[in-house]
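K.L.:
Got a structure here, written out as structure tokens. Questions coming.
The values are calculated or read from the model by the stated rules, or taken from the named source; none is laboratory data. Given the structure is predicted, the values throughout are model-derived calculations rather than measurements. Positions of Cβ are generated from backbone atoms using ideal geometry, with glycine treated the same way; all protein chains shown enter the neighbour counts. Accessible surface areas use protein heavy atoms only, side chains included; no ligands, DNA or RNA. Shrake-Rupley method; radii C 1.70, N 1.55, O 1.52, S 1.80 Å.
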Amino acid sequence: MSDAHAERDHAGPLSGVRVVEMEAIGPLLHAGMMLADLGAEIIRVVRPSFTSDDGIDDANRGMLRGRSEVTADLREPDDNHRVRELIARADILLEGSRPGTMEKLGLGPDVCLTDNPGLVYGRMTGWGQQGPLSQAAGHDINYLAVAGALEQLGPTPGPPSPPLNYVGNFGGGSMFLLVGVLAALHERQRTGRGQIVDAAMVDGASSMTALVRSWQHAGRWSAHRGNNLLDGSAPFYRAYECADGGFMAVGALEDTFYDRFVRGLGMDPADLPDRWNRAHWAALSERFHDEFRTRTRQEWVDSFDGVDACVTPVLSLREATLDDHAAQRAAFVDDAGFPMPAPAPRMEFARGRVPAPISEELTTVLHRWGRD
């Protein structure tokens, strides 16, 4: 075993689990990172001299930790055969190509599950393997739009605002892929059978609208954006600008927290209109806005220090890295001089240090995986 590989031999709940990750971006990168953080051995298959057209190849490096990378041109019969051999010795395959691509390469689930009946074949796409949109291009904003999730986001008037790629790529993508893959791995312990996991971002995003759909059915959520409890419309659940241009986030939903929040602003709740009457929301928001503008963000942080009112500063990515709470929890790790989120969730027997990605020869990995 090479020194570089020995660095990856660590305790963790998925230690001993072998994963082949086909080159892809976004949710597949994140899912592979999560599995590596949990102790699985990840072999990432990359194309030779490949450069994507999104211009962010190098920027993805921070999500490649814990992997070994092998280079293979799947259009070449010899490389294709060796990758197929590698998959035959794996527990999990992760692929994020457009539907039909793996089949064209001769590495579709029918072939791979014949070679390896216990394989968990995880597929990550935007629209799923079937359906009229399955071959269409798309990005987070499109999947959220069709799932009904985007329409609920952002201020009004104006168009809805996409929540970066948090909900599509990661919330509705990698997280749902991981749930399916780990559930299939667990079922394999009972049955000995592998299976195909079809994870689609549009499905995951749709699943995450369950609470809002339920509230809408019960009459607790308006169909009109900008008029609801959790969409930034409620004066006690939104962010406010401070005198220095910073922001404070207020999440004072419950009466106890609302009372503390209002008193923290120097106001008496009895002097304010009923906060549950939405006709008063604009006036309440204006009063809170005017008060927050009288002090800097740090002054408000100091004012609410020790007050359990669900009031926190809105931190930048850099500030979040340096925050006392993050520092005490060791919430970030160094990645070649750049801070990246530490493995989550935290496992009692998982390793603390995150190894950097390394390159290996495909034949070396086949030899190592073949010894068993």
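K.L.:
Among the helices (runs of 4 or more DSSP H) contained in segment 250-342, which hold 1 or more residues that are under 27 Å from residue 229 (Cβ atoms), in contact (Cβ under 8 Å) with a residue 12 or more places away in the chain and of a type outside the set (A, V, I, L, M, F, W, C)?
P.N.:
255-264, 281-292, 297-303
K.L.:
Next up: Cβ contacts < 8 Å: first residue within 20 Å of residue 282 (Cβ to Cβ), restricted to segment 235-246; second residue hydroxyl-bearing (Ser, Thr, Tyr) and open to solvent by less than 40 Å² (accessible area, probe 1.4 Å), any location; separation 6+ or different chain. Result?
P.N.:
Taking only residues 6 or more apart or on different chains, the pairs are 235/285; 236/258; 238/285.
K.L.:
If we scan segment 240-247, do we find a residue that is over 30 Å from residue 158 (Cα atoms), touching a helix residue (DSSP H, G or I) at 6+ places or on another chain (Cβ under 8 Å) and at pLDDT 95 or above?
P.N.:
No, segment 240-247 has no match at all.
K.L.:
Of all residues being touching a residue at least 12 places away in the same chain (Cβ under 8 Å) and basic (Lys, Arg) in segment 184-204, which is surrounded by the fewest Cβ atoms within 10 Å (Cβ to Cβ)? Just the residue, please.
P.N.:
Applying the filter and picking the extreme gives 193.
K.L.:
Out of the residues in segment 80-124 that are farther than 24 Å from residue 30 by Cβ and in contact with a Phe, Trp or Tyr (Cβ under 7 Å, 6 or more places away or on another chain), state the one that is least open to solvent (accessible area, probe 1.4 Å).
P.N.:
113
K.L.:
Exactly one condition in (1) out of contact with any strand residue (DSSP E or B) (no Cβ under 6 Å at 6 or more places or on another chain); (2) of a type in the set (A, V, I, L, M, F, W, C); (3) on the phi < 0 side of the Ramachandran plot is false for residue 124; which is it?
P.N.:
(1) is the only condition that residue 124 fails.
K.L.:
Kindly evaluate residue 231 against the criterion of being open to solvent by less than 70 Å² (accessible area, probe 1.4 Å), acidic (Asp, Glu), within 22 Å of residue 168 (Cβ to Cβ) and not in a strand (DSSP E or B).
P.N.:
In short, yes.
K.L.:
Among the residues of segment 1-26, write down those that are over 23 Å from residue 85 (Cα atoms) and either in a loop (DSSP other than H, G, I, E, B) or modelled with pLDDT of 95 or more (or both).
P.N.:
Matches in segment 1-26: 7, 10, 11, 12, 13, 25, 26.
K.L.:
Among the residues of segment 125-141, which ones are part of a loop (DSSP other than H, G, I, E, B) and open to solvent by less than 80 Å² (accessible area, probe 1.4 Å)?
P.N.:
Across segment 125-141, the qualifying residues are 126, 127, 128, 129, 131, 133, 134, 136, 137, 138.
K.L.:
Evaluate the following for residue 335: is it farther than 30 Å from residue 221 by Cβ and modelled with pLDDT under 95?
P.N.:
yes
K.L.:
Continuing with the same structure: In segment 122-158, which residues are of a type outside the set (S, T, N, Q) and at pLDDT below 90?
P.N.:
153, 154, 155, 157, 158
K.L.:
Hey, another quick one. What's the number of the condition residue 246 fails, among (1) farther than 29 Å from residue 131 by Cα; (2) open to solvent by 50 Å² or more (accessible area, probe 1.4 Å)?
P.N.:
Going through the list (1) farther than 29 Å from residue 131 by Cα; (2) open to solvent by 50 Å² or more (accessible area, probe 1.4 Å), residue 246 breaks only (2).
K.L.:
In segment 70-79, what residues are surrounded by 17 or more Cβ atoms within 10 Å (Cβ to Cβ) and part of a loop (DSSP other than H, G, I, E, B)?
P.N.:
Correct list: 72, 74.
K.L.:
Which ones in segment 338-359 are among the small types (Gly, Ala, Ser) and at pLDDT 75 or above?
P.N.:
Of everything in segment 338-359, those that are among the small types (Gly, Ala, Ser) and at pLDDT 75 or above turn out to be 342, 344, 356, 359.
K.L.:
Looking at the structure I just gave you, is residue 309 modelled with pLDDT under 95 and touching a Gly at 6+ places or on another chain (Cβ under 9 Å)?
P.N.:
No.
K.L.:
Identify, from the list 212, 167, 181, the residue that is crowded, with 20+ Cβ neighbours inside 10 Å and in contact (Cβ under 8 Å) with a residue 60 or more places away in the chain.
P.N.:
Only one candidate passes the filter, namely 181.
K.L.:
What residue, of 249, 210, is over 30 Å from residue 293 (Cβ atoms) and small (Gly, Ala, Ser)?
P.N.:
Checking each option against the conditions leaves just 210.
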